[in-house]
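Reviewing the structure listed below.
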Amino acid sequence: MAKDFSSREENYSQWYNELVVKADLAENSAVRGCMVIKPYGYAIWEKMQAALDKMFKDTGHSNAYFPLFIPKSFFSREADHVEGFAKECAVVTHYRLKKDPNGNGIVVDDEAKLEEELIVRPTSETIIWDTYKNWIQSYRDLPVLINQWANVVRWEMRTRLFLRTAEFLWQEGHTAHATEQEAIEETIQMMNVYAEFAENWLAMPVLKGVKSPNERFAGALDTYCIEALMQDGKALQAGTSHFLGQNFAKAFGVQYLNKENKLTYVWATSWGVSTRLIGALIMTHSDDHGLVLPPKLAPIQVVIIPIYKKEEQLIQISEKIEPIIHKLREKGIAVKYDNRDTYKPGWKFNEYEFKGVPIRLAIGPRDLENGTVEIARRDTLEKEIIPIEGITENIEYLLAEIQKNLFDKALAFRTQNTFKADTWEEFKDMLENKKGFILAHWDGTAETEQKIKEETKATIRLIPFDGDEEGQCIYSGKPSKKRVVFALSY
RNA sequence: CGGGGUGUGGCGCAGUUGGUUAGCGUGCUUGACUGGGGGUCAAGAGGUCGCGAGUUCGAGUCUCGCCACUCCGACCA
C-alpha cells in the first residue's frame, strides 16, 4: 500500500500529504477545499471528541446546537468580528433550484432569492449571542456554560487536509459570566483544559500564552492559546480560548439585572479546537515508516497477526489467542485480531505499521510450541519474543510506556529546537538555519511585529505568562520586559 | 486572487520533430505453489489520454479557454 512513500527529509509537506491519504485518514473531495474524513481518520476524531467532551462536562459545560446559517445582518454588529471573517464567508442567496428552461440540467431559480442572505457560519458568536440575549435576564441566569460540536466553513484560498480546509469540524464553547474576573478565569481554565488534553492525550507538548494584538481573534480582548512545534520546525496553533469582554454583549444587547437591581452587560468567552488537531498529531509523532499514534487516541491499540500455513494451525492459534483478546477488551484496550486469509503476514505488518498501531503481536506455530509471542512497538520499531504468560499486563504497561515515550520524544525535540536570539542578525540566521521556536525580546508594538513578519515571515506565536526579563527589542532596540515566542507557522 | 508546475487504466509513471492497434510498474480477478517483514509463476479484466473548443488528411502530442491538484506569495484554526 505505501511503497514509494516520501521521507520527511526530502519533502516534509509531500510526506504529510501522502501520509494522510495513504494511511486512510482523509482524502480530497469533489468539492474544492473540502475533505472526506475516512473511517480511520474519523475514529481518531471520535476519540478526541470523547476525551474533550468529558473534560468540558467535568468543568460544568453542557452541549447544545445552534444553526448552520446566520443572518447577514448579525455579522455586521461587531465591527472587528466582521472584518476578521468577511473575506472568507460562504453566502446563501437562494432557496430553490429549477429545471433549466434551455434544457441544461438544473439552475438557480432567480425568483427564489432570499429576503436576507444567510452566512454559513465561520464561527457562531453572533447567532449564539443573539440567542443568549433571550436567555439571560438576571444574575441568577449566569453563568451560561455551553459548548457545541459543529462544522464551520471558512472559504480558504489554499487548503491542506486537516490543517486548513474550507469546511472543518470543531467544538466551540461560548460562555456568559456576571463578572470580568470570572470570564477571564473561564478563558484561562479552558486554555488549560486544551493544554492538558494536548499533552496527556495527543502526547504533544504545548506552550501556553497570550496572542499579540495582531494574532488575536477578531472581536476578542485577549486570545489565549496553546502552541505546538511540528517536526519541520514550524509552529502550529492547536487551540484558542478568547476573552471577549463585553463586545458581543453590547453588540447584541445581552444585559442582566444584578443584585443591586442595575442593568449590566455580561462578560463573554469562546474557545475551540478543531480537526486540525489530527494534523498536529501527525506532524508531531509520525515518521518515514508512516503514522505513529499515541495509544490513547489510536483506534486500534493492539493488532494481533496469526502466522500459519495450514487452516489447522490458524485454529490452534485462534484458540490460544481468544482468551487474551477477551482479557484485553475487558481492560478497555482496543484489539484487532487480523485473521484474514486474504493478506500475507508481511503485508499486514507493513499495513499496521503504516497506520500507526502502537503494538503488534505476531503469533505462529513456533510460539505455540514455546509459549511465546512476538511483540513489536510502533514508536521505536523494536520487537522481541516474550512469554505469552502475563501478556495482558505487559501490554497494558507497554501502552502507557509508549504514550509517555512519545511525549518525552516530542518534548526533547521542542527543547532542542527552542532558541534564544538577542540580535536581529542572530534572529534572522536562526529562522533560516534552525527553524523552531525563537525566544526574543519585542518592544510590544504592532508596527514592530508587522515589520518582523514582513521581513522574515516569522510571527509572534505567543507571549508567555512568566519569564520576566529586562532586554531590548531585537528589531527596534527599544526596552522590553520579557521574551516572546517567534516562529514560522502553519 | 497573482506567479510556477502537474493532469495518460485504481495508484505511480513513460509516450521521440504530430502518424496506424496508447505502453510500463504496482494494484485488481482466477488458479497453483506459498506463508515469522509488502511472495512466485501462469492466465485475464481494466483507458472519454482532466474538460471544452480550435489547427490538421491525422492530436495523448500543437493553440486557446476552463477545471482540479500542487508549490510560492496575500489570508487564516
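What are the residues in the range A:1-33 that are surrounded by fewer than 15 Cβ atoms within 10 Å (Cβ to Cβ) and in a loop (DSSP other than H, G, I, E, B), if any?
Hits for the range A:1-33 are A:MET1, A:LYS3, A:ASP4, A:SER7, A:GLU9, A:GLU10, A:ASN11, A:SER29, A:ALA30, A:VAL31, A:ARG32.
Go through the range A:338-353 and give me each residue that's within 25 Å of A:LEU281 (Cα to Cα) and either more than 10 Å from RNA strand B (Cβ to nearest atom) or in contact with a His (Cβ under 6 Å, 6 or more places away or on another chain) (or both).
Result: A:GLU353, single match.
Would you point out which residue out of A:LYS54, A:LYS99, A:LYS72, A:LYS87 is under 27 Å from the mean Cα position of the chain (by Cα) and either more than 10 Å from RNA strand B (Cβ to nearest atom) or under 19 Å from A:GLY290 (Cβ atoms) (or both)? First the steps, then the outcome.
On the way: A:LYS99 fails: under 27 Å from the mean Cα position of the chain (by Cα); A:LYS72 fails: under 27 Å from the mean Cα position of the chain (by Cα); A:LYS87 fails: either more than 10 Å from RNA strand B (Cβ to nearest atom) or under 19 Å from A:GLY290 (Cβ atoms) (or both).
Just a single option satisfies the conditions, and that option is A:LYS54.
Filter the range A:220-236 down to the residues that are crowded, with 20+ Cβ neighbours inside 10 Å and either at pLDDT below 95 or of a type outside the set (D, E, K, R) (or both) and list them by number.
Of everything in the range A:220-236, those that are crowded, with 20+ Cβ neighbours inside 10 Å and either at pLDDT below 95 or of a type outside the set (D, E, K, R) (or both) turn out to be A:ALA220, A:THR223, A:TYR224, A:CYS225, A:ILE226, A:ALA228, A:LEU229, A:MET230, A:ALA235, A:LEU236.
Filter the range A:456-480 for residues that are surrounded by 13 or more Cβ atoms within 10 Å (Cβ to Cβ) and among the charged types (D, E, K, R); which is nearest to A:TYR224 (Cα to Cα)?
Restricting to residues being surrounded by 13 or more Cβ atoms within 10 Å (Cβ to Cβ) and among the charged types (D, E, K, R), the top hit is A:ARG461.
So is A:GLY356 of a type in the set (Gly, Ala, Ser), surrounded by 20 or more Cβ atoms within 10 Å (Cβ to Cβ) and more than 10 Å from RNA strand B (Cβ to nearest atom) or not?
Criteria met by A:GLY356.
Can you find a residue in the range A:423-433 that is part of a strand (DSSP E or B) and within 16 Å of RNA strand B (Cβ to nearest atom)? If you could, list the steps in order and put the result at the bottom.
The first filter runs over the range A:423-433 and keeps only residues part of a strand (DSSP E or B), leaving none.
Checked the range A:423-433: no residue is part of a strand (DSSP E or B) and within 16 Å of RNA strand B (Cβ to nearest atom).
Starting from the range A:355-372, take each residue that is assigned to a helix (DSSP H, G or I) and list its partners that are near RNA strand B (Cβ under 8 Å from one of its atoms) and among the aromatic types (Phe, Trp, Tyr), counting only C-beta distances under 8 angstrom and pairs at least six apart or across chains.
What qualifies is A:PRO365/A:TYR308.
Filtering the range A:359-377 down to residues that are within 25 Å of A:LEU25 (Cα to Cα) and charged (D, E, K, R), which residue is farthest from RNA strand B (Cβ to nearest atom)?
Checking each candidate, the answer is A:ARG377.
Could you list all residues from the range A:334-354 that are touching a helix residue (DSSP H, G or I) at 6+ places or on another chain (Cβ under 7 Å) and either basic (Lys, Arg) or in a loop (DSSP other than H, G, I, E, B) (or both)?
A:ASP338, A:ASN339 - these are the residues of the range A:334-354 that are touching a helix residue (DSSP H, G or I) at 6+ places or on another chain (Cβ under 7 Å) and either basic (Lys, Arg) or in a loop (DSSP other than H, G, I, E, B) (or both).
Residues that are among the aromatic types (Phe, Trp, Tyr), modelled with pLDDT under 95 and out of contact with any Asp or Glu (no Cβ under 6 Å at 6 or more places or on another chain): does the range A:191-199 have at least one? Walk me through how you get there before you give the answer.
Taking the range A:191-199 and keeping what is among the aromatic types (Phe, Trp, Tyr), we get A:194, A:197.
If we keep only those that are modelled with pLDDT under 95 too, we end up with none.
Within the range A:191-199 (the criterion being among the aromatic types (Phe, Trp, Tyr), modelled with pLDDT under 95 and out of contact with any Asp or Glu (no Cβ under 6 Å at 6 or more places or on another chain)), the answer is no, since none of the residues qualifies.
Return the total of residues in the range A:188-231 being farther than 16 Å from A:ARG276 by Cα and within 10 Å of RNA strand B (Cβ to nearest atom).
8
Give the number of residues within the range A:79-126 that are small (Gly, Ala, Ser) and over 30 Å from A:VAL273 (Cα atoms).
To start, the set of residues in the range A:79-126 that are small (Gly, Ala, Ser) comprises A:79, A:84, A:86, A:90, A:103, A:105, A:112, A:124.
Narrowing the set further to residues that are over 30 Å from A:VAL273 (Cα atoms) leaves A:103, A:105, A:112.
Adding up the residues that qualify gives 3.
May I ask you to verify whether A:GLU156 is charged (D, E, K, R) and either in a loop (DSSP other than H, G, I, E, B) or closer than 15 Å to A:VAL120 by Cα (or both)? Don't jump to the end; show me each part of the working.
Numbers: charged (D, E, K, R): yes; either in a loop (DSSP other than H, G, I, E, B) or closer than 15 Å to A:VAL120 by Cα (or both): yes.
Yes: the conditions hold for A:GLU156.
When only residues in the range A:282-327 that are assigned to a loop (DSSP other than H, G, I, E, B) and of a type in the set (Val, Ile, Thr) count, which is surrounded by the most Cβ atoms within 10 Å (Cβ to Cβ)?
Looking only at the range A:282-327, we keep the residues that are assigned to a loop (DSSP other than H, G, I, E, B), and these are A:286, A:288-289, A:291-294, A:298-301, A:307-310.
Filter once more, keeping what is of a type in the set (Val, Ile, Thr): A:292, A:300, A:307.
Numbers: A:VAL292: 24, A:ILE300: 20, A:ILE307: 18.
Out of the qualifying residues, it is A:VAL292.
Is it true that A:GLU10 is without any contact (Cβ under 8 Å) to a residue 40 or more places away in the chain, out of contact with any strand residue (DSSP E or B) (no Cβ under 8 Å at 6 or more places or on another chain), within 13 Å of RNA strand B (Cβ to nearest atom) and closer than 18 Å to A:TYR352 by Cβ?
No; evaluated as a whole, the condition is false for this residue.
Collect the residues in the range A:200-219 that are small (Gly, Ala, Ser) and either at pLDDT 95 or above or under 19 Å from A:ALA50 (Cα atoms) (or both), keeping them in residue-number order. Please lay out each step first, then the result.
As a first pass, look at the range A:200-219 and keep what is small (Gly, Ala, Ser): A:203, A:209, A:212, A:218-219.
Within the range A:200-219, A:ALA203, A:GLY209 meet the criteria.
Out of the residues in the range A:135-168 that are within 21 Å of A:PHE56 (Cα to Cα) and near RNA strand B (Cβ under 9 Å from one of its atoms), state the one that is surrounded by the fewest Cβ atoms within 10 Å (Cβ to Cβ).
Looking at residues that are within 21 Å of A:PHE56 (Cα to Cα) and near RNA strand B (Cβ under 9 Å from one of its atoms), I get A:VAL152.
The values are calculated or read from the model by the stated rules, or taken from the named source; none is laboratory data. These figures come from a predicted structure and were not determined experimentally. FYI the Cβ positions are ideal-geometry reconstructions off the backbone, even for glycines, and counts take in every protein chain you see.
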